[in-house]
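Trainee: Before I ask anything, let me first share the structure, which is written out below as structure tokens.
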């Protein structure tokens with residue numbers, strides 16, 4: 001039995017009116033093939049079904065494509081009409097979608113699929129299913145062209161429409177309570193938990209980024225479009241928010257970095273950006289909001305991407321989300337800021353089962369291969385490879401209340417079979433203070449508080 005609130009099911013024109021700035025939507029003209037009687041399969045009654053759908057909805061097909069401004073940013077909008085044969089994809093739907101994507105690439109416009117579909121049209125058989133390949137190719141070509149795709153999944157979004165236009169977008173926003181999932185309600189197992197197939201469940205699983213109320217959709221979508229189409233040229237290191245004095249010993253550096261009063265990632269991001277929008281997961285079934293914050297923010301009117309550790313052990317989903325963020329920013333030519341602050345990667349058994357090593361390796365690879373500028377600031381604990389994965393080679397800075405170490409001093413002492421009272425001396429031997437890191441050439445310099453220039457390595 002369905003227990004969650006019924007979502008508002010909007011028509012294509014209603015959702016376009018909700019999203020597009022007033023008076024800016026213009027529908028794209030698409031030359032479509034003349035359909036055979038009752039479609040390519042000669043499915044008896046198909047023509048009559050299409051005629052009834054057209055009369056009921058006022059549309060000629062299951063998708064309406066056009067251009068509009070959304071919060072001041074021009075985009076190509078693909079609005080599905082669920083009332084037209086369940087928003088299903090057929091050959092003529094594929095014609096419209098292909099033409100819209102080509103228009104987007106020709107005019108360098110982002111694409112916004114407003115999806116509400118039950119999947120492929122059975123009356124056209126495999127010819128309908130292969131439209132997913134057309135859509136996937138057009139989406140891939142648009143991705144290669146460096147143009148963002150932001151999907152809004154409505155009720156319902158299932159089958160191939162979710163697996164291509166929805167889940168395949170760079171950013172996925174969802175309307176509250178919408179049914180979202182690959183398996184539609186009539187084909188999933190009888191004992192399946194219906195709550196798993198909702199917008200909220202997809203956000204919780206990291207497959208969508210946020211649930212957005214209809215009345216807020218234009219503003220949120222407009223923010224995302226501005227952020228993903230207004231790249232900055234670089235990501236300067238933030239100023240330090242904590243004390244300016246450098247630690248006198250390695251152990252003092254550790255204590256200061258572990259202090260609960262020390263500024264954390266949220267404080268640095270709030271000081272650095274005028275506003276920001278968060279990416280919500282790793283697209284592999286996981287989120288790590290307690291260990292990694294990822295998204296895009298506006299700084300002086302231009303966009304910088306960020307991946308920020310929060311001071312907790314980082315879980316595999318956090319690393320995968322960071323890798324997703326860095327690769328997306330690289331494709332959109334947006335510079336990246338990473339904030340390092342973790343005692344290390346999560347090392348419990350569940351983290352191993354979730355692929356900790358592969359997830360960390362993916363971040364190392366994303367940073368190493370990035371063509372855009374990547375800037376790193378160590379704002380607290382820099383614990384081993386779990387911290388280093390986010391650090392930009394040759395462009396990493398540290399705050400006075402941070403440290404960076406091959407391993408935590410306590411663990412180093414344990415590995416070396418030293419007694420507990422030698423932990424502090426071990427911290428000194430590891431040379432983990434900010435000034436030590438500069439002298440060793442591991443970092444470029446120590447950033448100071450606002451109003452003071454950063455201290456560079458010589």
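Trainee: Under the classification rounded if a/c is under 1.5, otherwise prolate if a/b is larger than b/c and oblate if not, where does region 1-130 fall, given a ≥ b ≥ c as square roots of the Cα gyration tensor eigenvalues?
Mentor: Taking the square roots of the gyration eigenvalues as a ≥ b ≥ c, region 1-130 is oblate.
Trainee: Gap in Å between the Cα centre of region 154-174 and the Cα centre of region 19-79?
Mentor: Spelled out, the Cα-based centre of one part sits 18 Å from the other.
Trainee: What fraction of the DSSP beta bridges in the chain is antiparallel, stated in percent and rounded to the nearest 5?
Mentor: So the antiparallel bridges in the chain amount to around 40 percent.
Trainee: Please report the relative contact order for region 285-399, taking Cα pairs under 8 Å with a sequence separation of at least 6, and give it as a percent rounded to a whole number.
Mentor: Normalised by residue count, the contact order of region 285-399 is 26 percent.
Trainee: Hey, can you rank 428-434, 52-58 by average C-beta count inside 10 Å, highest first?
Mentor: Going from most to least packed, we get 428-434, 52-58.
Trainee: Something else: To check you understand DSSP bridge types, tell me what percent of the beta bridges within region 12-228 (both residues inside) are antiparallel, rounded to 5.
Mentor: In region 12-228, approximately 40 percent of DSSP beta bridges are antiparallel ones.
Trainee: Which whole-angstrom value gives the distance between the alpha carbon centres of region 296-316 and region 96-151?
Mentor: Result: 30 Å between the Cα centres.
Trainee: Any idea what the relative contact order of the chain is, in percent, if you count C-alpha pairs under 8 Å spaced at least 6 apart?
Mentor: Here the relative contact order equals 11 percent.
Trainee: Is it possible to state the helix-based mean residue ellipticity at 222 nm for the chain, with each DSSP H run of 4+ residues giving -39500 (n - 2.57), the sum divided by total residues, to the nearest 500 deg cm²/dmol? What is it?
Mentor: For the chain, the value works out to -9500 deg cm²/dmol.
Trainee: On to the next question. To check you understand DSSP bridge types, tell me what percent of the beta bridges within region 250-456 (both residues inside) are antiparallel, rounded to 5.
Mentor: Close to 40 percent.
Trainee: Computed from the coordinates I sent, volume of the Cα convex hull per residue in Å³ equals one of (1) 157; (2) 181; (3) 131. Tell me the label.
Mentor: Correct label, based on the coordinates given: (1).
Trainee: Still on this model: By the gyration tensor of its Cα atoms, with a ≥ b ≥ c the square roots of the eigenvalues, what is the shape of region 351-453: rounded for a/c under 1.5, prolate for a/b over b/c, or oblate?
Mentor: oblate
Trainee: OK, next. Order of 20-30, 436-446 by packing, highest average Cβ count within 10 Å first?
Mentor: Packing proxy ranking, top to bottom: 436-446, 20-30.
Trainee: To continue, here is another question. Given an 8 Å cut-off on Cα distances and at least 6 residues of separation, report the relative contact order of region 9-163 as a percent.
Mentor: 23 percent
Trainee: State whether region 12-228 is rounded, prolate or oblate according to the following rule on the C-alpha gyration tensor (a ≥ b ≥ c being the square roots of its eigenvalues): a/c under 1.5 gives rounded; otherwise a/b larger than b/c gives prolate, and the remaining case gives oblate.
Mentor: Oblate is the answer for region 12-228, as a/c is 1.5 or above yet b/c matches or exceeds a/b.
Trainee: Which whole-angstrom value gives the distance between the alpha carbon centres of region 181-201 and region 412-446?
Mentor: Value for the Cα centre distance between the two parts: 52 Å.
Quick note: the coordinates plus some simple rules give every number you see, no bench work behind them. Predicted, not measured: the structure shown is a model, and the values here were computed from it. Reconstructed Cβ throughout: ideal geometry from the backbone, glycine too, with neighbour counts over all protein chains shown.
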